[in-house]
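Accompanying notes for the structure given below.
The values are calculated or read from the model by the stated rules, or taken from the named source; none is laboratory data. None of these values were measured; they are calculated from a predicted model. Reconstructed Cβ throughout: ideal geometry from the backbone, glycine too, with neighbour counts over all protein chains shown. To get the accessible areas, we keep the full protein, side chains included, count just its heavy atoms, and leave off ligands, DNA and RNA. Shrake-Rupley method; radii C 1.70, N 1.55, O 1.52, S 1.80 Å.
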Amino acid sequence: MDNKIELEMVEKEAAEDKSLPLKETAKNLVFGKGNPNAKILFVGEAAGRNEDEQGIPFVGKAGKNLDELLSKVGLSLNDVYIANILKYRPPDNRDPLPGEIKAHTPWLVKQIKIIKPKVICSLGNYATKFFLANGDVDLMVKQPGISSVHGKVREIEFMGMKIKLIPLFHPAAIIYRREWLPLWEQDMEIVKKEIAQQTLV
Ligand code: URA
(Lines give C-alpha, C1' and ligand atoms only; values in the text may rest on other atoms or scores of the structure.)
Protein backbone atom coordinates (compact mmCIF):
# COMPACT_ATOMS: atom_id res chain seq x y z
CA MET A 1 0.00 0.00 0.00
CA ASP A 2 1.02 3.59 -0.63
CA ASN A 3 2.93 5.07 2.38
CA LYS A 4 0.81 8.22 2.33
CA ILE A 5 -2.43 6.28 2.59
CA GLU A 6 -1.00 3.99 5.28
CA LEU A 7 0.17 6.98 7.33
CA GLU A 8 -3.23 8.63 6.98
CA MET A 9 -4.92 5.47 8.23
CA VAL A 10 -2.59 5.26 11.24
CA GLU A 11 -3.10 8.96 11.98
CA LYS A 12 -6.86 8.44 11.98
CA GLU A 13 -6.51 5.47 14.33
CA ALA A 14 -4.30 7.52 16.68
CA ALA A 15 -6.81 10.39 16.67
CA GLU A 16 -9.56 7.94 17.62
CA ASP A 17 -7.55 6.38 20.47
CA LYS A 18 -9.43 7.73 23.47
CA SER A 19 -6.99 6.20 25.93
CA LEU A 20 -3.98 8.14 24.65
CA PRO A 21 -2.71 10.30 27.56
CA LEU A 22 -2.84 14.10 27.06
CA LYS A 23 -5.73 13.88 24.58
CA GLU A 24 -8.00 15.54 27.15
CA THR A 25 -5.87 18.65 27.55
CA ALA A 26 -4.57 19.05 23.99
CA LYS A 27 -6.42 20.72 21.12
CA ASN A 28 -5.18 18.59 18.24
CA LEU A 29 -3.24 15.46 17.49
CA VAL A 30 0.17 16.42 16.11
CA PHE A 31 1.11 13.40 14.06
CA GLY A 32 3.68 14.28 11.39
CA LYS A 33 4.47 16.20 8.25
CA GLY A 34 6.66 15.86 5.18
CA ASN A 35 7.36 13.21 2.58
CA PRO A 36 5.89 9.78 3.44
CA ASN A 37 8.65 8.19 1.33
CA ALA A 38 11.51 10.17 2.88
CA LYS A 39 14.79 8.43 3.68
CA ILE A 40 15.44 10.91 6.49
CA LEU A 41 13.23 11.21 9.54
CA PHE A 42 13.50 13.97 12.13
CA VAL A 43 12.04 13.15 15.53
CA GLY A 44 11.33 15.88 18.10
CA GLU A 45 9.86 15.75 21.57
CA ALA A 46 6.31 17.09 21.63
CA ALA A 47 4.16 19.84 20.23
CA GLY A 48 4.23 23.34 21.66
CA ARG A 49 1.36 25.82 21.62
CA ASN A 50 1.48 26.62 17.89
CA GLU A 51 1.78 22.99 16.89
CA ASP A 52 -1.13 22.08 19.16
CA GLU A 53 -3.29 24.78 17.58
CA GLN A 54 -2.48 23.78 14.01
CA GLY A 55 -2.06 20.01 14.46
CA ILE A 56 1.27 20.20 12.61
CA PRO A 57 4.75 19.59 14.12
CA PHE A 58 7.44 22.29 14.20
CA VAL A 59 5.50 25.32 13.02
CA GLY A 60 6.55 27.64 15.88
CA LYS A 61 9.91 29.18 16.81
CA ALA A 62 11.70 25.83 17.05
CA GLY A 63 10.28 25.02 13.63
CA LYS A 64 11.96 28.11 12.20
CA ASN A 65 15.34 26.84 13.44
CA LEU A 66 14.60 23.41 12.00
CA ASP A 67 13.67 24.95 8.63
CA GLU A 68 17.00 26.81 8.66
CA LEU A 69 18.85 23.60 9.42
CA LEU A 70 17.11 21.87 6.55
CA SER A 71 17.85 24.60 4.06
CA LYS A 72 21.50 24.87 5.20
CA VAL A 73 22.03 21.19 4.51
CA GLY A 74 20.20 21.44 1.19
CA LEU A 75 16.97 19.75 2.26
CA SER A 76 13.35 20.75 2.16
CA LEU A 77 10.14 19.31 3.57
CA ASN A 78 9.92 17.31 0.32
CA ASP A 79 12.98 15.33 1.36
CA VAL A 80 12.19 14.56 4.99
CA TYR A 81 9.44 13.46 7.33
CA ILE A 82 9.08 15.10 10.75
CA ALA A 83 7.38 13.58 13.79
CA ASN A 84 7.49 13.70 17.58
CA ILE A 85 7.83 11.30 20.49
CA LEU A 86 4.49 12.51 21.92
CA LYS A 87 1.51 13.03 19.65
CA TYR A 88 -0.22 15.51 21.97
CA ARG A 89 1.11 18.64 23.65
CA PRO A 90 1.82 18.26 27.38
CA PRO A 91 0.21 21.06 29.43
CA ASP A 92 2.46 24.14 29.66
CA ASN A 93 5.06 22.32 27.55
CA ARG A 94 6.21 20.30 30.54
CA ASP A 95 8.58 17.36 30.02
CA PRO A 96 7.02 14.09 28.84
CA LEU A 97 6.41 11.51 31.59
CA PRO A 98 7.62 7.90 31.13
CA GLY A 99 4.03 6.59 31.03
CA GLU A 100 3.18 9.09 28.29
CA ILE A 101 6.24 8.10 26.27
CA LYS A 102 5.25 4.43 26.64
CA ALA A 103 1.71 5.12 25.48
CA HIS A 104 2.61 7.42 22.57
CA THR A 105 5.71 5.85 21.02
CA PRO A 106 3.94 2.82 19.53
CA TRP A 107 2.44 5.39 17.11
CA LEU A 108 5.92 6.67 16.27
CA VAL A 109 7.08 3.08 15.73
CA LYS A 110 4.16 2.55 13.32
CA GLN A 111 5.23 5.66 11.42
CA ILE A 112 8.83 4.39 11.24
CA LYS A 113 7.76 0.95 10.03
CA ILE A 114 5.81 2.54 7.18
CA ILE A 115 8.41 5.15 6.18
CA LYS A 116 11.47 2.89 6.70
CA PRO A 117 13.97 5.77 6.92
CA LYS A 118 17.71 5.20 6.39
CA VAL A 119 18.65 8.07 8.70
CA ILE A 120 16.98 9.35 11.85
CA CYS A 121 17.97 12.75 13.24
CA SER A 122 16.82 12.70 16.87
CA LEU A 123 16.21 16.20 18.21
CA GLY A 124 17.08 16.65 21.88
CA ASN A 125 17.28 14.35 24.87
CA TYR A 126 13.98 12.50 24.73
CA ALA A 127 14.10 11.44 21.09
CA THR A 128 17.81 10.59 21.32
CA LYS A 129 17.43 8.49 24.46
CA PHE A 130 14.44 6.68 22.97
CA PHE A 131 16.50 5.48 20.00
CA LEU A 132 19.65 4.79 22.03
CA ALA A 133 17.49 2.61 24.29
CA ASN A 134 16.19 0.85 21.18
CA GLY A 135 12.66 1.90 22.01
CA ASP A 136 12.71 0.49 25.56
CA VAL A 137 11.35 3.41 27.58
CA ASP A 138 12.56 1.91 30.89
CA LEU A 139 16.15 2.01 29.59
CA MET A 140 15.99 5.67 28.55
CA VAL A 141 17.24 6.99 31.92
CA LYS A 142 20.47 5.02 31.50
CA GLN A 143 21.34 6.65 28.16
CA PRO A 144 23.86 9.49 27.78
CA GLY A 145 22.52 13.03 27.44
CA ILE A 146 22.41 14.99 24.20
CA SER A 147 25.38 17.23 25.09
CA SER A 148 27.72 14.21 25.05
CA VAL A 149 26.32 12.44 21.96
CA HIS A 150 25.20 15.24 19.60
CA GLY A 151 26.76 15.01 16.17
CA LYS A 152 28.03 11.47 16.78
CA VAL A 153 26.63 9.30 14.03
CA ARG A 154 25.94 5.71 14.95
CA GLU A 155 24.42 2.69 13.27
CA ILE A 156 21.52 1.30 15.24
CA GLU A 157 19.28 -1.66 14.71
CA PHE A 158 15.81 -0.39 15.53
CA MET A 159 12.92 -2.85 15.38
CA GLY A 160 14.90 -4.94 12.91
CA MET A 161 15.79 -1.99 10.68
CA LYS A 162 19.37 -0.81 10.18
CA ILE A 163 19.31 2.95 10.67
CA LYS A 164 21.93 5.68 11.01
CA LEU A 165 21.12 7.77 14.05
CA ILE A 166 22.32 11.37 14.15
CA PRO A 167 21.57 12.93 17.55
CA LEU A 168 21.15 16.70 17.35
CA PHE A 169 20.39 19.40 19.89
CA HIS A 170 16.73 20.26 20.01
CA PRO A 171 16.13 23.30 17.78
CA ALA A 172 14.24 24.98 20.67
CA ALA A 173 17.28 24.63 22.94
CA ILE A 174 19.32 26.72 20.50
CA ILE A 175 16.95 29.62 21.13
CA TYR A 176 17.91 29.97 24.79
CA ARG A 177 21.35 28.28 24.84
CA ARG A 178 23.17 30.57 22.42
CA GLU A 179 26.50 28.98 23.42
CA TRP A 180 25.31 25.82 21.64
CA LEU A 181 24.92 27.62 18.33
CA PRO A 182 28.46 26.86 17.02
CA LEU A 183 27.98 23.19 17.98
CA TRP A 184 24.59 23.13 16.27
CA GLU A 185 26.25 24.53 13.13
CA GLN A 186 29.05 21.94 13.30
CA ASP A 187 26.40 19.22 13.58
CA MET A 188 24.70 20.54 10.47
CA GLU A 189 27.94 19.88 8.58
CA ILE A 190 27.81 16.29 9.80
CA VAL A 191 24.23 15.90 8.59
CA LYS A 192 25.26 17.40 5.25
CA LYS A 193 28.16 14.92 4.91
CA GLU A 194 25.93 11.95 5.73
CA ILE A 195 23.39 13.04 3.16
CA ALA A 196 26.04 13.52 0.49
CA GLN A 197 27.46 10.05 1.23
CA GLN A 198 24.18 8.28 1.00
CA THR A 199 22.49 9.98 -1.94
CA LEU A 200 19.45 10.21 0.24
CA VAL A 201 17.53 12.74 -1.77
N1 URA B 1 9.20 20.97 19.66
C2 URA B 1 9.09 19.66 19.34
O3 URA B 1 9.82 18.81 19.85
N4 URA B 1 8.17 19.31 18.44
C5 URA B 1 7.38 20.19 17.85
O6 URA B 1 6.56 19.77 17.03
C7 URA B 1 7.51 21.54 18.19
C8 URA B 1 8.43 21.91 19.10
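Comparing GLY99, GLY48, GLY63 in a Gaussian network model of the chain where C-alpha atoms under 10 Å apart are linked, the largest mean-square fluctuation is found at GLY99.
For PRO36, the shell of other residues with beta-carbons less than 14 Å away shows a net charge of +1, using +1 for Lys and Arg and -1 for Asp and Glu. Hey, which of these cross-link pairs are over 28 Å Cα-Cα: LYS18/LYS118; LYS72/LYS118; LYS12/LYS39? Pairs exceeding 28 Å: LYS18/LYS118.
All other residues whose Cβ lies under 12 angstrom from that of LYS61 are scored, Lys and Arg at +1 and Asp and Glu at -1, for a net of -1. Relative contact order for the range 153-201: 22 percent, from Cα pairs under 8 Å spaced at least 6 residues apart, divided by residue count. Given +1 at the Cβ of Lys and Arg, -1 at the Cβ of Asp and Glu and no other charges, the dipole of the chain around its Cα centre is 300 debye to the nearest 20. Our coupling estimate for the range 33-42, obtained by passing each phi through the Karplus curve with A = 6.51, B = -1.76, C = 1.60 and θ = phi - 60°, is 8, x, 8, x, 10, 5, 8, 10, 10, 9 Hz, Gly and Pro reported as x.
Under a Gaussian network description of the chain, with springs only between Cα atoms under 10 Å, the residue in GLU16, GLU53, GLU45 that fluctuates furthest is GLU16.
Taken as entire DSSP H runs, the helices of the chain that both span 24 Å or more between Cα atoms along their own long axis and average -1.0 or more on the Kyte-Doolittle scale are 98-115, 181-198. DSSP bridge analysis restricted to the range 3-200 gives an antiparallel fraction near 35%, rounded to the nearest 5. Translational diffusion of the range 3-200 was estimated from the Stokes-Einstein equation, with Rh taken as the Kirkwood radius over Cα pairs; at 37 °C and 0.692 mPa s the coefficient is 197 µm²/s. Rounded to the nearest 0.05, the FRET efficiency derived from the C-beta distance between LYS152 and ARG49 at R0 = 41 Å is 0.80. A cut-off under 13 angstrom between Cβ atoms defines the neighbours of GLY160, and their net charge, with Lys, Arg +1 and Asp, Glu -1, is +2. Among the trypsin sites (Lys or Arg not before Pro) in the range 100-195, none is located in a DSSP loop while being surrounded by at most 11 other Cβ atoms within 10 Å of its own Cβ.
Amide H contacts under 5 Å for ASN84: GLY44, restricted to partners 5 or more places along the chain or on a different chain, H placed in the peptide plane at 1.01 Å from N.
Solvent-accessible surface of the range 3-200, taken per residue with a 1.4 Å probe and all protein chains present: 47 Å². Using the Cα gyration tensor of the range 32-140, with a ≥ b ≥ c the square roots of its eigenvalues, what is the shape: rounded (a/c below 1.5), prolate (a/b larger than b/c) or oblate (neither)? Because a/c hits 1.5 or more and a/b fails to exceed b/c, the range 32-140 counts as oblate. Its Cα centre serving as origin, the range 26-88 has a Cβ charge dipole (Lys and Arg +1, Asp and Glu -1) of approximately 20 debye.
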